[in-house]
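What follows is a single structure, written as structure tokens, with notes after it.
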Amino acid sequence: MKKQIRLAVNGFEYDLLVKPHWTLLQVLRDEIGHTGTKEGCGKGECGACTVIIDGEAVLACLTLAFQAQGKSILTIEGLVREGRLDSLQEAFVKHGAIQCGYCTPGMIMTSKAFLSKKPHPTEAEIKKALSGNLCRCTGYVKIIEAVRKASMTETGK
Ligand code: FES
Ligand code: FES
């Protein structure tokens, strides 16, 4: 049976009817229509579904929608401000860190949460932070470079 919940996503409140077992990933994509958050493995292994909840990078495929009530949820859609990409998004584009792009929203959200806590990381720290985000295309070099370059420009947004 569905129950009513309210989720705060990218600064907007959504009243939703959801089943208790529905994941946050399902609800973001299928009920709210935020398809920027991707489903890769669906079982916590690839990082494609990463969103930020109350400042922490969280796997939306392992989070029940119910668990996200009363919290501040940020998805890749929420990074664009007044039509401008976030500095991390710009860096991914500029440094060619995107191929098929399927892993990209998760990579960026993980990086965003990481840089908000560690604005000037070493390369080793970036690699460690992104170790839970898998990419089948890029070989990671350009992704690491993009995060490093973003950290050298602006990270606190
Ligand atoms: S879809 Fe969530 S970790 Fe792979
Ligand atoms: S760019 Fe294709 S999976 Fe990462």
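The values are calculated or read from the model by the stated rules, or taken from the named source; none is laboratory data. In this text, all values refer to a predicted model and were calculated from it rather than measured experimentally. Neighbour counts are summed over all protein chains in view; Cβ atoms, including those assigned to glycine, are modelled from backbone coordinates with ideal geometry.
Structure above, values below:
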| item | result |
| --- | --- |
| Test: residue in the stretch 134-156 that is under 13 Å from the mean Cα position of the chain (by Cα), more than 13 Å from ligand 2 (Cβ to nearest atom) and outside the structural domain of GLU45 (by TED's automatic domain parsing) | no |
| Subset of the stretch 87-105 (residues that are surrounded by fewer than 20 Cβ atoms within 10 Å (Cβ to Cβ) and within 14 Å of the chain's Cα centre (by Cα)) | GLY101, TYR102 |
| Test: residue in the stretch 91-102 that is within 14 Å of ligand 1 (Cβ to nearest atom) and modelled with pLDDT of 95 or more | yes |
| Filtered residues of the stretch 115-148 (kept if within 23 Å of ILE53 (Cβ to Cβ) and more than 16 Å from ligand 1 (Cβ to nearest atom)) | LEU115, SER116, LYS117, LYS118, PRO119, PRO121, GLU125, ILE126, LYS128, ILE143, VAL147 |
| The stretch 37-64: number of residues that are more than 13 Å from ligand 1 (Cβ to nearest atom), over 29 Å from MET1 (Cβ atoms) and surrounded by fewer than 19 Cβ atoms within 10 Å (Cβ to Cβ) | 2 |
| So ILE108, is it more than 16 Å from ligand 1 (Cβ to nearest atom), crowded, with 20+ Cβ neighbours inside 10 Å, under 21 Å from GLU77 (Cα atoms) and not assigned by TED's automatic domain parsing to the domain that holds GLU56 | no |
| Criterion (of a type in the set (Asp, Glu) and within 30 Å of LEU16 (Cβ to Cβ)) met by exactly one of GLU82, GLU145, GLU125 | GLU82 |
| Complete set of residues in the stretch 137-157 that are exposed (fewer than 15 other Cβ atoms within 10 Å of the Cβ) and in a helix (DSSP H, G or I) | VAL141, MET152, THR153 |
